[in-house]
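Have a look at the structure below, then the notes.
The values are calculated or read from the model by the stated rules, or taken from the named source; none is laboratory data. Quick caveat: nothing in here was measured; it's all calculated off a predicted structure. Here the Cβ positions follow ideal geometry from the backbone for every residue, glycine too, while neighbour counts run over all protein chains shown. The protein model used for the area step is the full one, side chains on, heavy atoms only, and it has no ligands, DNA or RNA in it. Shrake-Rupley method; radii C 1.70, N 1.55, O 1.52, S 1.80 Å.
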Amino acid sequence: ISIGAMFLTCLFFVVIQESNVLDIFFDMVALEFVESIDDVIFNLCRRGFFSRRMKVAANQENVLHCSSSHGARRIRKWSKRFIRGMYFLTAIVLLSCLTFITIEQTRGAYGCRSLLVNLGDGLWENAWVQLDKQCSVDDDCNSNQRCYREKKEAFCYENRLLIYSHFNGYYNHKDTKGERPSYEEMNKESGDPFKTTDPAELMYCREIESWVFRHPKIRSSLDIGEEHECNWLLRSDETDDFDLVELSTTENWFLWKGEIKQDYKIKVRCAECANDSDCNYFGKCVSETDVDQKCECFPGRFGVFCENEMPCEVIRSEKDRNTTLKIVKDLDKDGDNIDFISLYGHPMYVANMKGKPYSVMRDGYPGESDQYFEVEYPVNTSIAVAPHKHESPDDYQDDDFFEINNKSVAFQQLVTNYTFLLRYTGRRWYGQIVDPSLSGESFKEEEYHAFWQNSFSGLGQEDNSTLIISEITSKV
């Protein structure tokens, strides 16, 4: 009985820990081998491989004579019932535990509840984005928009540039979809749930048996029958895996950019810690309400795993040492030892300026290899896309950004007094011209998101804030 119960218990732990049937089969073969070792040793003893004394003891016959009395028969009867009952009880307990664990697994109980997601540097130039404006026909919308009806309501959809890295950051476990946990995008500044912004999500799509990245307000197509299953924008290979962190390191993903781009890479890390070493010994691993454990950094450090030193409070332009940008302060009202606004895990810098911000713009023409994402800006002046020149601090006609936007009266008024804002947007730093009334408090209320605030939307004159863009970097 004890050997059988131990075998079933070991088998139970094998089943709940392995991720595929083949591994379960190999583990069962290993268990059978371990269980048969004592039988092999006993047969070797009977053949005299160890000693004559062991051979005699192993070959000695022991005969058990059972009494045929009424009492003995009763004992045998109840013994059989007891053994049968123990096997049934063991099976019921193990099946109940397996059922409980399976249900809890679909709820995300045994996986990471907070993820740090990097969706790479992909882009889609013609994404259809739902606006708040309702419509009946296309004429109710602007020229670059279409009216699309889903269920009972119809909304205007705008054709925009979708930059996937704008959706990088924290994703927390929300609920269960496709019998697997789903994860919801969090606020880029605080890491808390959005209050007014519609978040993206990572979920399992049963229709295609894949993990997908999607957003309820971004559609792959407005033509009936052509939109993707679960309206995915990114998807994995077909899989039945529960662990999204492991899946992101071993599987290739498919990116939608008007057509499918294969062999696309994303990075998903668990944003939780197991011990202080995960915090690089610059913080303590403590329990949190919505996650299992999270790093609480010591003074002078910040980051998911306390990997960063506190940033400089003032930075200077290499072109003009008199041009300084100051970090945007936050009075640490949330008690996280960070006294500045952290956006996508990076600080934000500002400077009050007027006129052309020549001191933060590069000199001369871009090189032939210079690229923004996958869009090349050639130096050939016969090409319609004009290169950035930036040769004069006073000439607004030598730069395509000012040449386009300076046609607007509102923009002409803005450049007489504005705030130059340098902030991180997921994979790149953006330098932007914004209203001079910006403050730390107003920014926190804004609930900033690089995509939904049109940091770079590809809408021409309507996209009039982003002036400079850095290379891909994770540096603070």
Under 12 Å, Cβ to Cβ, from HIS346 - net charge with Lys/Arg +1 and Asp/Glu -1: +4
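Any chance you could list the semi-axes, whole Å, largest first, of the equivalent ellipsoid that the Cα gyration tensor gives for the range 114-270, using √(5λ)?
Equivalent-ellipsoid dimensions as semi-axes: 27, 17, 15 Å.
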Kindly rank 46-57, 201-212 from highest to lowest mean number of other beta carbons found within 10 Å of each residue. 201-212, 46-57
Expressed as a whole percentage, what fraction of the accessible surface of the range 169-313 belongs to carbon and sulfur atoms when a 1.4 Å probe is rolled over the protein heavy atoms? 43
Over the range 114-270, relative contact order from alpha-carbon pairs under 8 Å, at least 6 apart, %: 23
Debye calc, one equal point scatterer per Cα of the range 74-153, no solvent, log10 I(q)/I(0) at q = 0.22, 0.24 1/Å comes to -1.02, -1.09
Take the Cα pairs of the range 190-296, get the Kirkwood Rh, then feed it into Stokes-Einstein at 20 °C and 1.002 mPa s and tell me D in µm²/s. 133
When ligands, DNA and RNA are left out and all protein chains stay put, how many square angstrom of accessible area per residue does the range 114-270 have with a 1.4 Å probe? 47
